[in-house]
Amino acid sequence: MRSLARKKKDNTQISDKQRSLIAYYDPKSPVSEQYRTIRTNIEFASVDNKVKTLMVTSSTPGEGKSTTTANLATVLGQQGKSVLVIDTDMRKPTVHFTFQLPNTSGLTNVITRQQKFDDAVYETSIPNVDVLTSGPIPPNPSELIGSRAMQHLIGELKEAYDYIIFDAPPVKAVADPLILSKYADGVVLVVRSGKTEEEAAKDAVDALKKAEANILGAVLNDVKIKDTSYYYYYSEK
């Protein structure tokens, strides 16, 4: 594993955005326990074929994919695994908000060789979890994601981390997640109770299947049981 020179951030204050990291700030909550269940199910799903790169997406915006990404990374890090979260939503990036990081540089700079990965990656306050923000919004996100430079970068990072999690754009919004799925050993689709339309979710699954993505399953969030939000994982197969 190569040495990573990481930038540190000031963690003296907890913002509203950081409160979405419930698995870190309230690890004993029922919701945090469900994230650990998701972690376990992913590990079971990868018994025969190791899942090192994981793409988290949704059918449409606002279904909770970024929150799921951040908390899944947290519970993996709590298990002692080295985790890198990459914001691959170059059109509407949000990972830097969740982790309260600058986004002046990031993935786009690294792919275009304007900056080295070691100088762009952030070490977070969450044990074993690093973040590579999206960086400046480029005019050609799909081309960058499908580039050889991106493929080469992912290949290198797989040697440095136990898990790489892509926070991807919604499937029905752009073609980016379908291109990105070729780098992912597994895909998790996030759906939101009371928001996600059944037809939209089916269309997203069909599109991922056509792209030959390995769909591990889906996370259903915002299910209200006794006034508590739970997150469930179930196999799509």
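The values are calculated or read from the model by the stated rules, or taken from the named source; none is laboratory data. Quick caveat, the model's predicted, so the values are computed rather than measured. Here the Cβ is made from the backbone with ideal geometry for all residues, glycine too, and neighbour counts use every protein chain on show. We work out accessible area using only protein heavy atoms, side chains counted, and drop any ligands, DNA or RNA first. Shrake-Rupley method; radii C 1.70, N 1.55, O 1.52, S 1.80 Å.
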key: Restricting the range 111-127 to residues that are open to solvent by 20 Å² or more (accessible area, probe 1.4 Å) and in contact with a helix residue (DSSP H, G or I) (Cβ under 6 Å, 6 or more places away or on another chain), the residue that is farthest from S20 (Cα to Cα)   = Q115
inquiry  = So in the range 181-192, with the set limited to residues that are among the β-branched types (V, I, T) and either open to solvent by 50 Å² or more (accessible area, probe 1.4 Å) or closer than 16 Å to N221 by Cα (or both), which one is modelled with the lowest pLDDT?
reply    = V191
request  = Would you check if there is a residue in the range 62-78 being part of a loop (DSSP other than H, G, I, E, B), under 22 Å from G194 (Cβ atoms) and either open to solvent by 10 Å² or more (accessible area, probe 1.4 Å) or aliphatic (A, V, I, L, M) (or both)?
outcome  = yes
task = Please indicate, with yes or no, whether at least one residue in the range 142-165 is under 18 Å from M55 (Cα atoms), without any contact (Cβ under 8 Å) to a residue 60 or more places away in the chain and in a loop (DSSP other than H, G, I, E, B).
result = yes
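Of everything in the range 166-206, what is aliphatic (A, V, I, L, M), in a helix (DSSP H, G or I) and touching a helix residue (DSSP H, G or I) at 6+ places or on another chain (Cβ under 8 Å)? Give them in sequence order.
L178, I179, L180
What number of residues in the range 90-124 are within 17 Å of the chain's Cα centre (by Cα) and of a type in the set (G, A, S)? Even if it seems obvious, please write down each step before you answer.
Of the residues in the range 90-124, the ones within 17 Å of the chain's Cα centre (by Cα) are 90-101, 103, 106-108, 121-124.
Remaining after also requiring of a type in the set (G, A, S): 106.
Number of matching residues: 1.
Conditions (1) at pLDDT below 90; (2) open to solvent by 10 Å² or more (accessible area, probe 1.4 Å); (3) among the charged types (D, E, K, R), marked per residue:
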| position | (1), (2), (3) |
| --- | --- |
| I145 | no, no, no |
| L178 | no, yes, no |
| G194 | yes, yes, no |
| D203 | no, yes, yes |
| N214 | no, yes, no |
| D222 | yes, yes, yes |
| K237 | yes, yes, yes |
ask   = Looking at V31, is it within 27 Å of A200 (Cβ to Cβ), touching a residue at least 60 places away in the same chain (Cβ under 8 Å) and not in a helix (DSSP H, G or I)?
value = no
message = crowded, with 23+ Cβ neighbours inside 10 Å and assigned to a helix (DSSP H, G or I): is that true of T57 in this structure?
response = no
query = S105 fails exactly one of the following numbered conditions: (1) in contact with a helix residue (DSSP H, G or I) (Cβ under 7 Å, 6 or more places away or on another chain); (2) assigned to a helix (DSSP H, G or I). What is the number of that condition?
reply = (2)
